[in-house]
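J.: Could you have a look at this structure, given as structure tokens, before my questions?
The values are calculated or read from the model by the stated rules, or taken from the named source; none is laboratory data. All of these numbers come straight from a predicted model, not from anything done at the bench. All Cβ positions, even for glycine, are placed from backbone atoms using ideal geometry, and neighbour counts span all protein chains on display.
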Amino acid sequence: MLIFIPQILLFIIYIFGNIVIPCSFKKIFGIACPTCGMTRAMLSLLHGDIIDTIYYNILAIPLVILLILIDIVIIIDVFKKSNYLEKIWMMLVKNYKVIILLFVFSMVINNIKGI
């Protein structure tokens, strides 16, 4: 059940509030990585503040949607004994270029905003 680790981390962030997770990428290279601001974005999203979520890191919204969909698919897979999660994984692997472009876009935006 390692797949639920992101949800558990989101819950911990929500409970304890202002958790600061330093970015190793930013410390080494001096520029923001694609996930810089993700903790603040997730916390804002959990509090229902969409504007702050988009400001801190726009990738938080598709990430949460993906996590919710994966949870639903896992439940369906367990009860129907199907293999939808593997199909979703293969779809993500096939579309790796789109995912890389999203990360590059996020990285550029994060550095323009100075996050």
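J.: Does any residue in region 55-81 that is within 22 Å of residue 40 (Cα to Cα) come within less than 6 Å, Cβ to Cβ, of a residue that is of a type outside the set (D, E, K, R) and outside any helix (DSSP H, G or I) six or more places away or on a different chain, and which pairs are these?
T.: From region 55-81, the pairs are 56/37; 57/37.
J.: A further question on this structure: Has region 87-105 got any residue that is over 12 Å from the mean Cα position of the chain (by Cα), surrounded by 15 or more Cβ atoms within 10 Å (Cβ to Cβ) and of a type in the set (Ser, Thr, Tyr)?
T.: No, region 87-105 has no match at all.
J.: Tell me yes or no: at least one residue of region 70-80 is closer than 30 Å to residue 22 by Cβ and in a helix (DSSP H, G or I).
T.: Taking every residue of region 70-80 in turn, at least one turns out to be closer than 30 Å to residue 22 by Cβ and in a helix (DSSP H, G or I).
J.: Let me ask something else about it. Just to be sure, is residue 52 free of Cβ contacts under 8 Å to residues at least 24 places away in the same chain and surrounded by 11 or more Cβ atoms within 10 Å (Cβ to Cβ)?
T.: yes
J.: I need the full set of residues from region 83-115 which are hydroxyl-bearing (Ser, Thr, Tyr) and modelled with pLDDT under 85, in order please.
T.: Across region 83-115, the qualifying residue is only 84.
J.: Only one of (1) surrounded by fewer than 13 Cβ atoms within 10 Å (Cβ to Cβ); (2) within 25 Å of residue 11 (Cβ to Cβ) is not met by residue 61, so which one is it?
T.: (1)
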